[in-house]
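Please treat every number below as a calculation from the coordinates, not as lab data. This one's a predicted model, so the numbers in the text were calculated from it and none came from an experiment. Note that each Cβ is placed from the backbone with ideal geometry, even for glycine, and that neighbours are counted across all protein chains shown.
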Amino acid sequence: MRVLITGGSGYVGSRLTYYLLEKFSDLEIINYDISLFGDEHLPNDSDKYKYYKKDIRNSEDFEEVIKKHSVDVVLHLACISNDPSFELDSSLSKSINFECFEDLVKVSKVNNVKKFIYASTSSVYGISDNPRVDEEHELKPITDYNTLKAKCEPLLIKYVDNNFHGIVIRPATVCGYSEKMRFDLSVNILTNHAYINNKINIFGGEQYRPNINLNDMCRLYEMLIFKDLKKFNGEIFNAGLQNLKISEIANIVKRVVEKRKSKKVELNFTKSDDVRSYRITSDKIQNILGFNFEFSIEDAVEELCENFENGNLTDTFNTKFQNIKVLKNKLEKKEFI
Ligand SMILES: NC(=O)c1ccc[n+]([C@@H]2O[C@H](COP(=O)([O-])OP(=O)(O)OC[C@H]3O[C@@H](n4cnc5c(N)ncnc54)[C@H](O)[C@@H]3O)[C@@H](O)[C@H]2O)c1
């Protein structure tokens, strides 16, 4: 089985790559990524792993790689992956997150890829006070990033047939340790502040956020890569376990970190204008697809603490851990267009 991961150098893609390489000896992974946030953490090329530092907007390059490796499955993760980074240069971001998407699907299909998995986002629903936001819920994306993630979904579904299976996942905010760490995601930010500074500043706190542990994210992509998706062809699935208020997440982080360090963690609450609040329900992925969540936010916080302690994570306030700062720097230096 040969799997091409676009965005395989990123936060999710890197952890997934190491997870799959460790678990399967008969899987070939092809990482297709321009590696905006670095590639020094990636495995060396081998029989089981090949890295192409290439742009998804170049469909000829993409086709060449797909053909060369007779790819069976495409997992599409590459994008400018949050609102503030997207807004740094919205026309550039649009070209990456949306304009090239249909070509990636078409090129995959004509070159005998059997399955295309698209990582959308649970933020496509926008703000909702409905406690049960399932896949049928109206999409009211409030930013361009969310809008374009949503607009890709039907472009994949349009092409699915008996020989080309497609599936859309709408993941919650991911948390936990990765070889390519991001400290711009809520649980990860809070844990960094709690562990290093013994203090967390919370803006607002009443906003709900759905979460998924990165270990479960990897288990889910593993399942989708291997499972026969005939019965689920063209389906959309939410993927998140815990819907919690930011203040509740902060309290979990406080509890775990205090226990590990035997030191008090201070919580400071400040008013916020951030109104984004939403919860998703992931009943469908559990009941229909048969996926079981196994890892919690607590587990992610514990795992991050372990990696602070064992020295895997150092200098964690360095801007290299924040997508927006890295991207801003690259754009200013005109290193990326
Ligand atoms: N991390 C989350 O909390 C979360 C939540 C919901 C959905 N998602 C989705 O999951 C996917 C992965 O998220 P992540 O956190 O790993 O993001 P990330 O920013 O860490 O990784 C994205 C990768 O895409 C690559 N990329 C960007 N533009 C490219 C281009 N033109 N050509 C080739 N590669 C390019 C980057 O170099 C980077 O390695 C994204 O599609 C994101 O929208 C993530």
Looking only at LEU267, LEU241, LEU224, which one moves most when the chain is put into a Gaussian network model with springs between Cα atoms under 10 Å? LEU267
Give me the orientation-averaged projected area of the Cα convex hull of the chain, in nm², one decimal. 16.2 nm²
Percent RCO, i.e. relative contact order, over the stretch 237-337, from Cα pairs under 8 Å lying at least 6 residues apart: 32 percent
In whole Hz, the Karplus estimates of ³J(HN,Hα) for the stretch 98-110 (6.51, -1.76, 1.60; θ = phi - 60°; x where Gly or Pro) are 10, 4, 8, 4, 4, 5, 4, 5, 4, 4, 4, 4, 6
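Return a whole-number percent for the relative contact order of the chain, with Cα pairs under 8 Å and 6 or more residues apart as the contact set.
19 percent
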Restricting things to alpha carbons, tell me how big the stretch 1-122 is in terms of Rg and Dmax, in Å. 13.8, 41
Pop a pseudo-label 7 angstrom from the Cα along the beta-carbon direction at both GLU22 and LYS68 and give the gap in nm to one decimal. 2.9 nm
Efficiency of FRET between LYS151 and ASN58 - r from beta-carbon atoms, R0 22 angstrom, step 0.05: 0.55
Each residue of the stretch 318-323 in order: what ³J(HN,Hα) in whole Hz does its phi give by Karplus 6.51 cos²θ - 1.76 cosθ + 1.60, θ = phi - 60°, with x for Gly and Pro? 4, 5, 5, 8, 10, 3
Over what distance in Å are the Cα centres of the stretch 69-111 and the stretch 224-261 separated? 24 Å
The chain, Gaussian network, Cα under 10 Å: of ALA250, ALA172, ALA239, the residue fluctuating most is ALA250
On Cα atoms only, tilt of 297-309 relative to the major axis of the chain in degrees: 80 degrees
Under 5 Å between amide hydrogens, which residues at least 5 positions from LYS199 or on another chain qualify, with H placed 1.01 Å from N in the peptide plane? ALA194, GLU266
In the chain, what % of DSSP beta bridges are antiparallel (nearest 5)? 15 percent
Please state, rounded to one decimal and in Å, the Kirkwood hydrodynamic radius that the stretch 203-278 gives when every pair of distinct Cα atoms enters the mean of 1/r. 15.3 Å
Taking Cα atoms only, helix 246-261 is inclined relative to the longest principal axis of the chain by an angle, in degrees rounded to 10, of 70 degrees
Of LYS68, LYS151, LYS230, which has the largest mean-square fluctuation in a 10 Å C-alpha GNM of the chain? LYS68
First select every other residue whose beta carbon is under 9 angstrom from the beta carbon of ASN215; then total the charges, Lys and Arg +1, Asp and Glu -1. -2
The extension gain from LEU92 to SER272, computed as 0.36 nm times the residue separation minus the Cα-Cα distance, is 61.8 nm
Considering Cα pairs under 8 angstrom that are at least six residues apart, work out the relative contact order of the stretch 96-170 and quote it in whole percent. 47 percent
If amide H atoms are modeled at 1.01 Å from N in the peptide plane, then the residues at a separation of 5 or more from ILE80, or on another chain, having amide H under 5 Å from its own are ASN97
